[in-house]
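See below for the structure under consideration.
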Amino acid sequence: MFFRIAGQAVMVLHFLVLAFLALGGFLAWRWPRVWFAHLAMACWGLAAIAFPVICPLTHLEDAFRHKAGDAGLRPGGFIDTYIEGVVYPERDTVLVRWLVAAVVTVSWAGVLYLHIRRRRKRGVAPAA
């Protein structure tokens, strides 16, 4: 019972991490220091797409599910199990990745704009 609940808790955490990856830049509009954590998360997301690395949360959830006697995640991991083919069709994976990149870019542009605006209000000239 413990391992089943632990696996589900890791799954929920993983969904929250993915939501932060996509939308965390907008949190930085209100709390600018969040941007550094979001930058790290965006770098991890880019590395996971570009290289064959597996998220530690995927390993952890899979281990808990196996210990609970469940089948575990699909070979492609968390995304293949819960996202692709469920939230959007697998054929749209590249499109969804570009859309997430666009959302992150817009959020970071907003962070930059707000940073410049705050500096101007304090009378500090923006660095060239």
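The values are calculated or read from the model by the stated rules, or taken from the named source; none is laboratory data. The structure presented is a predicted model; accordingly, all values stated were derived computationally and were not measured. Reconstructed Cβ throughout: ideal geometry from the backbone, glycine too, with neighbour counts over all protein chains shown. What goes into the accessible areas is simple: the full protein's heavy atoms, side chains included, and nothing from ligands, DNA or RNA. Shrake-Rupley method; radii C 1.70, N 1.55, O 1.52, S 1.80 Å.
Within the stretch 84-95, being surrounded by 15 or more Cβ atoms within 10 Å (Cβ to Cβ) and either in contact (Cβ under 8 Å) with a residue 12 or more places away in the chain or touching a strand residue (DSSP E or B) at 6+ places or on another chain (Cβ under 9 Å) (or both) holds for one residue alone: T93.
Can you spot a residue in the stretch 39-61 that is over 21 Å from T93 (Cβ atoms) and among the charged types (D, E, K, R)? Scanning the stretch 39-61, I find no residue that is over 21 Å from T93 (Cβ atoms) and among the charged types (D, E, K, R), so the answer is no. For the stretch 40-61, residues that are farther than 17 Å from W98 by Cα, free of Cβ contacts under 8 Å to residues at least 24 places away in the same chain and either crowded, with 18+ Cβ neighbours inside 10 Å or aliphatic (A, V, I, L, M) (or both) total 3. Of everything in the stretch 19-37 that is in contact (Cβ under 8 Å) with a residue 40 or more places away in the chain and open to solvent by less than 50 Å² (accessible area, probe 1.4 Å), the residue that is farthest from A63 (Cα to Cα) is A28. For the residues R74, R122, the requirement of being within 30 Å of R4 (Cβ to Cβ), modelled with pLDDT under 90 and open to solvent by 40 Å² or more (accessible area, probe 1.4 Å) singles out R74.
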